[in-house]
Amino acid sequence: MLEVTDLTVKYGEVVAVDSVSFCVEKGEIFGILGPNGAGKSSTIKAVVGLVDFEGKIRINGKPLSFESKNLIGYVPEEFMLIESLTPLEFFEFVASVRGVKNSRKIDILIDAFGIRSYVNNPIATLSMGTKQKVSIISALLHDPLLLILDEPLNGLDARSSRILKEIMQKHVERGGAVLFSTHIMEIAEKLCDRIAVINNGRIIAEGTVDELKELASVEGSLEDVFLKLTGQDVGIREIIDAIS
Amino acid sequence: MPSLRELWRISGYFYRDVAFRTILETNVGRKSLEKVIKSSKNSMILNKLIVAFVLCVFAVTTAYRFKTVDFVVFYIITTFIFAFFFLQTTTTFVSQKFDLLFVLPLKEEEISKIAILTFLRIFDIPLIAVTLVFVIGVALRDFRAILPAFTGIAVSVALALGIVFYMSKLFYTKLTGSASGWRSVVRLVCQIVWALSFFLIYALGGILSRLSYLEGYLVFLESYSNTLGFLFPFCYSYLCTGVITFSSLLGSILWTGLGYYSVKWVLSNIRKVQAISIFQQSDVKIKLTSPTIAFVRKDMRLISRNPAYTFLVLLPIFEGLMLSFGKFMPAVLILLSFLVVLSYSLYGLENVNVVKILPVKPKTIITAKMVIISMIYAISIAVLDTIFLVRGICPDFLFELAITPSVIAMAIVTLSATSKIGAKRDVFSGLETVLILFLLGFVVIYTPVIIGYVCKVLYGTFLMPVAVTSLVELIFSLALLNVL
């Protein structure tokens, strides 16, 4: 579904992503984990065409193009909404541009995420959680094959988080794919079929949770594996003792 | 418990946010935030000082002349200026969120006080200045007039605050509500009234020059002092100048009561502002259209919600109205230049990142904006022609028709260049870029006219060369559009 080969993203002289390669298969939730500034969001932005890059990105066997944008549903880490519009007007705009023929799904998603009370108020006036829901609905309304979710659970309440997780699982069961970035290790461990750990712009480990545990020689949780792989486990105990 | 001074200091942060958002609302394009922050600080203080100065001049004049009519004019002007001049800022205040304060160790009552102080900060300098200058001025003339003079100005301000808060709430609801059906029209009307308040300061000169007429009427009305004494601001004006009648005494008491009620209403509503949610259960009606129409609808919605864009779009129509009292050809040519500015500025409506993630070609965006520009051109020309016909002058319909393809070509070329540059960098910050884009637009729109005049001199024919050049431009621009 998604093939990324030798992807490099530079901001001036700074190399944010350095020759990263991975693929996301149909029916798979692929997680990208990494510390802050590791290059997760830059990788995702390159995949959706928001930043210039070197390397190859192929979606459904074809290079990133005008047509392939309709195969993607993207929830960015920072809101990309037109804040003067109401959620309803924004959905109408996005759905029309994406060529959606039936508005029934929008109606269902509005109820699913519980934002019916807010659909006629400007996005600018909404809370962070509600804006995140607007962002998620606008990514789902055209039934994309590939969901690209950058920290999608930020600001979501428990009910909406559960619904989104269920949607992701149903989506892959129907043959779709999900590229998913998160800081919440428990969720990544529970949801992702495969995980890539990215640090300093490079993928340092990739595989299933069990494969990563084996690679890191760690018996504990994914969080322990992640901290070990990224070298962030050093000094944690001392810091906690000092705080205590 | 924080002291009043501490609460006043905290309210300063919220006021700066209100001021910043007000200035942001009136900016076209994507001006850098640093510039907006800088200008918000300066222009808010400058506006307050100008209003304070104008009101103080009136206060001094009134206290010096000490006539009933002067007091009447002064109170009316004070009410009017406080009610309308700060309308945009108070509308932003109505949408201000104070929820940040709920996580701090503050009581609900203290948060209410911060909200009230933030609101008062909008008027602080002119309010304090005019009250002090007026009361001191009156006291110097006649010590006995202090109480009615002070009560008069307090009631003027109280009524103004009631009016401005009511209008702010109304405009906030209308300007930000959904755009379906007749509400779009209501919103556009509100937008114009709301935006006009921003230009009130420029109209002050005109208002001052009209006062002599007003005074004439008021002198005539003085003979009805028994009746007028019931009315604001006559009641206080009579009392200040020593005309103590039953009606002026009763009127003063009644209007003071009303002023008190007005302030009470404002304060109770400000308390709601920081606590309530204006959201209501809503119907979901989605109209799916083609991508081009979706962009047109989106742009029209953004235009109707942003006063700067509303004015920009209405400018050619207003200009059409104003220019139609001159000669026909210069009027049309000046009108065309406004369309160039409009074409360039409309690009500012686009959120580049949103567009990048959608399957949309530049052609769709440009076509949508070209449709809006063509509509504005058609309306402006219709206004212009109507006035000329009323004046008994027949407009050159054939020229208007001949230049129409060039207007479309200009819109396509200017927007294409703007979007091409805009994909790489900010097209609204560099003066050089702006000049190049303007020049490009002017070249496209005026080339047919120049060729027409050259041919007129050489061959005695004007319209045909204009039409042919205009059509050639359209063909080339459409070819360009298809390449994008």
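Some points to look at:
- Of the numbered criteria (1) within 28 Å of A:Val134 (Cα to Cα); (2) aliphatic (A, V, I, L, M); (3) at pLDDT below 90, the one A:Val20 fails is (1).
- Only one of A:Ile44, A:Ile108 that is farther than 21 Å from A:Val20 by Cβ, of a type in the set (Val, Ile, Thr) and more than 9 Å from every other protein chain (Cβ to nearest Cβ): A:Ile108
- Some residue of region B:457-476 being in a helix (DSSP H, G or I) and either within 35 Å of the chain's Cα centre (by Cα) or among the basic types (Lys, Arg) (or both): no
- Considering region B:439-461, the residues that are open to solvent by less than 50 Å² (accessible area, probe 1.4 Å) and touching a residue at least 12 places away in the same chain (Cβ under 8 Å) include one that is farthest from B:Ser419 (Cα to Cα), namely B:Gly452.
- Applying the set (1) within 20 Å of B:Lys97 (Cβ to Cβ); (2) of a type outside the set (Lys, Arg); (3) touching a residue at least 60 places away in the same chain (Cβ under 8 Å) to A:Gly155 leaves exactly one unmet item: (3).
- Residue within region A:74-84 that is open to solvent by 10 Å² or more (accessible area, probe 1.4 Å), closer than 17 Å to A:Ala46 by Cα and at the interface with another protein chain (Cβ under 8 Å from one of its Cβ atoms) present: yes
- Where a residue in region B:288-303 is within 7 Å of chain A (Cβ to nearest Cβ) and farther than 19 Å from B:Lys361 by Cβ and its partner, wherever it lies, is open to solvent by 50 Å² or more (accessible area, probe 1.4 Å) and small (Gly, Ala, Ser), with Cβ under 6 Å and at least six apart: B:Leu302/A:Ser84
- Check on A:Gly61, open to solvent by less than 40 Å² (accessible area, probe 1.4 Å), farther than 14 Å from B:Val354 by Cα and not hydroxyl-bearing (Ser, Thr, Tyr): yes
- Residues of region B:463-484 that turn out to be surrounded by fewer than 20 Cβ atoms within 10 Å (Cβ to Cβ), over 22 Å from B:Ser419 (Cβ atoms) and touching a residue at least 40 places away in the same chain (Cβ under 8 Å), as a count: 2
- Condition met for A:Asn121 (facing chain B (nearest Cβ under 7 Å) and at pLDDT below 85): yes
- Residues satisfying the stated conditions in region B:315-356, i.e. within 19 Å of B:Ser290 (Cβ to Cβ), free of Cβ contacts under 8 Å to residues at least 12 places away in the same chain and either touching a helix residue (DSSP H, G or I) at 6+ places or on another chain (Cβ under 7 Å) or open to solvent by 20 Å² or more (accessible area, probe 1.4 Å) (or both): B:Val355
- Every test in (1) in contact (Cβ under 8 Å) with a residue 12 or more places away in the chain; (2) within 10 Å of another protein chain (Cβ to nearest Cβ) is passed by A:Ile163 save one, and that test is (2).
- Residue within region B:383-394 that is modelled with pLDDT under 85, buried (at least 23 other Cβ atoms within 10 Å of the Cβ) and under 27 Å from the mean Cα position of the chain (by Cα) present: yes
- Test: residue in region A:143-152 that is within 16 Å of B:Leu288 (Cα to Cα) and either touching an Asp or Glu at 6+ places or on another chain (Cβ under 7 Å) or modelled with pLDDT of 85 or more (or both): yes
- Selection of region B:94-115 for residues being within 11 Å of B:Phe14 (Cβ to Cβ) and surrounded by 12 or more Cβ atoms within 10 Å (Cβ to Cβ) yields B:Gln96, B:Lys97, B:Phe98, B:Leu101, B:Ile111, B:Ile114, B:Ala115.
- Checking A:Ala16 against (1) in contact (Cβ under 8 Å) with a residue 60 or more places away in the chain; (2) facing chain B (nearest Cβ under 10 Å); (3) more than 24 Å from A:Lys190 (Cα to Cα); (4) not basic (Lys, Arg), the condition it does not meet: (2)
- Meets criteria (closer than 20 Å to A:Phe93 by Cβ and without any contact (Cβ under 8 Å) to a residue 40 or more places away in the chain) for A:Lys133: yes
- Members of region A:23-52 that are of a type in the set (Asp, Glu) and closer than 29 Å to B:Asn351 by Cβ: A:Asp52
The values are calculated or read from the model by the stated rules, or taken from the named source; none is laboratory data. Nothing here was measured: the structure is a model prediction, and the numbers come from that model. Glycine also receives a Cβ, built like all others from the backbone with ideal geometry; neighbour counts cover every protein chain displayed. Calculation scope for accessible area: heavy atoms of the full protein, side chains included, ligands and nucleic acids excluded. Shrake-Rupley method; radii C 1.70, N 1.55, O 1.52, S 1.80 Å.
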